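See structure below.
The values are calculated or read from the model by the stated rules, or taken from the named source; none is laboratory data. All values derive from a computational prediction rather than experimental measurement. When we count neighbours, we look across all protein chains shown, and the Cβ atoms used for this are built from the backbone with ideal geometry, even at glycine. All accessible areas refer to the heavy atoms of the entire protein, side chains included, with ligands and DNA or RNA removed. Shrake-Rupley method; radii C 1.70, N 1.55, O 1.52, S 1.80 Å.
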Amino acid sequence: ARLAPGIYDRSSGKMLVKLSIYYGGGTFGVLSGSHLFTGWEDVYCFDIRDLKGQQHGTTNHLGRLPGGRMVYRDGVFYTCAVPHGAGKSKSVQGIKWQPLITKDATDKDKRRGKPANKPEKMWSTPFDSPESIILAGKTLIVGGKDKVAALNSTDGVVQWSDNVEGNVTYLAFSDGRLYASTDTG
């Protein structure tokens, strides 16, 4: 489904807020502190402490960044950089960005996600069709079409890569081992 997520009460299961994202939603959500990142062609950042649902348009948010599956840690947003419209992603990007909003922001600014600070691209590394991404310590691990690679999270330099059979759809790292799940099983 490409619906925007909702916020639910953990004990009762009651929906507290139904988010609204112009042009739908996405297939993932990343929670970092009180910030929820979700979307697909664009990733929206919501402050879950200050959410009010609405029927049309986009719920007030702190910013909009390049889409795709992503990781956010310590003020850096790592994304599979899905392009707008038709086409496939051709890169992985590291972007510095803090989700802030100024006190003088208007409701229109909040609905449009006009950030108080501009995202700053740190690096962009070519990668054909990245579909999955995780951060293991300071190493960014990316999976895509017939390939998995480890990138330095500071500069995006590929540290190693290996071929796999199929599209890498999910990744996990545990006890010094990398697990990659592909669409070929």
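Okay, here's what the table says:
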read-out: Test for residue 183: is it at negative phi and of a type in the set (D, E, K, R); value: yes
read-out: Those residues of the range 40-73 which are polar (S, T, N, Q) and either in contact with a Cys (Cβ under 7 Å, 6 or more places away or on another chain) or modelled with pLDDT of 80 or more (or both), in sequence order; value: none
read-out: Within the range 123-185, strands (runs of 3 or more DSSP E) holding 2 or more residues that are open to solvent by 50 Å² or more (accessible area, probe 1.4 Å) and without any contact (Cβ under 8 Å) to a residue 24 or more places away in the chain; value: 139-152, 158-174, 177-182
read-out: The range 74-99, residues that are of a type in the set (A, V, I, L, M) and at pLDDT 65 or above; value: 76, 81, 82, 92, 95
read-out: Of residues in the range 115-153 being at pLDDT below 90 and out of contact with any strand residue (DSSP E or B) (no Cβ under 8 Å at 6 or more places or on another chain), the one nearest to residue 61 (Cα to Cα); value: 116
read-out: From 176, 156, residue being at pLDDT below 95 and not hydroxyl-bearing (Ser, Thr, Tyr); value: 176
